[in-house]
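Please read the structure below before turning to the comments.
The values are calculated or read from the model by the stated rules, or taken from the named source; none is laboratory data. Keep in mind that this is a model prediction, so the values were computed, not measured. Cβ atoms come from the backbone with ideal geometry, glycine included; neighbour counts cover every protein chain shown.
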């Protein structure tokens with residue numbers, strides 16, 4: 001049985017180069033706001049001062065962004081990226097269609113229809129076009145999507161090209177081909193090296209970080225009282241779910257409790273299917289899914305989720321137990 005001071009691990013998602021100290025502070029501030037929202041203000045000092053647990057932000061962003069703080073490196077797409085991105089964009093447009101139905105906004109529905117037309121054209125021409133041509137067509141799709149208010153508010157995605165290449169990070173992490181698989185192994189190694197299996201571990205993961213955490217926790221030898229997933233794409237069918245290791249997807253055996261939170265306006269998640277499509281562990285633990293409703297137009301950020309009392313309360317309680 002794990003003993004000693006708990007560990008709180010943050011695992012981030014897609015994006016550009018991150019500063020570990022800055023992001024750790026932002027996530028902690030958001031979690032503190034959620035703690036206040038949960039009427040647990042008395043625990044905020046213990047959380048932010050590290051008395052409740054040692055807080056680690058597992059930063060692997062440099063493995064995707066070789067230019068680091070000097071700017072994002074727009075790597076050329078390859079033949080593996082294209083089918084992954086077309087499937088992912090198809091799923092995202094499906095979510096957007098639900099978020100912006102024609103009866104709510106004709107303008108937004110028209111934008112989605114235009115993006116769908118561009119994506120269908122790219123898919124139909126995939127056999128006769130080069131990867132570069134298809135990549136340019138897919139950038140057209142993401143550029144059109146950025147005309148939607150919610151997507152446009154994502155400050156880290158300033159144009160369609162950056163959005164597309166950051167979405168490609170999910171596929172590149174999941175690429176199992178020979179040397180390509182080295183990237184995923186390096187990312188998991190980066191996370192595992194932050195941890196002490198002799199102590200209890202609480203994991204809060206977001207977006208691509210939930211995919212990374214899923215595979216890390218299947219390798220990890222310590223005990224995990226709580227795993228929280230935020231805005232997770234784990235249940236995005238063939239796009240993500242069928243690429244996970246191990247398969248078929250199941251809850252890691254060392255996880256005592258798994259809470260999954262999704263926002264109704266988060267276009268990246270696979271809605272509430274995660275709890276239905278990922279099998280329980282042998283001890284019967286499976287994801288318990290809860291919807292949260294965030295304020296603002298862009299909801300796919302970790303800090304938006306962490307500000308909810310429903311998210312913060314179980315994290316604080318797990319660290320206190």
Mind checking whether some residue in segment 193-208 is surrounded by fewer than 22 Cβ atoms within 10 Å (Cβ to Cβ), farther than 15 Å from residue 251 by Cα and free of Cβ contacts under 8 Å to residues at least 24 places away in the same chain?
-> yes
Output the residues belonging to segment 157-181 that are modelled with pLDDT under 80, under 14 Å from residue 15 (Cα atoms) and exposed (fewer than 14 other Cβ atoms within 10 Å of the Cβ).
-> 158
Among the candidates 34, 94, 71, 50, residue that is at pLDDT below 95, in the same structural domain as residue 233 (by TED's automatic domain parsing) and more than 24 Å from residue 176 (Cα to Cα) | 50
State yes or no: is residue 188 modelled with pLDDT under 95 and closer than 22 Å to residue 81 by Cα?
-> no
Checked segment 3-45 for anything assigned to a loop (DSSP other than H, G, I, E, B) and under 17 Å from residue 55 (Cβ atoms); matches are 4, 5, 6, 12, 18, 19, 40
Of (1) buried (at least 20 other Cβ atoms within 10 Å of the Cβ); (2) touching a strand residue (DSSP E or B) at 6+ places or on another chain (Cβ under 8 Å), residue 5 satisfies every one except (1)
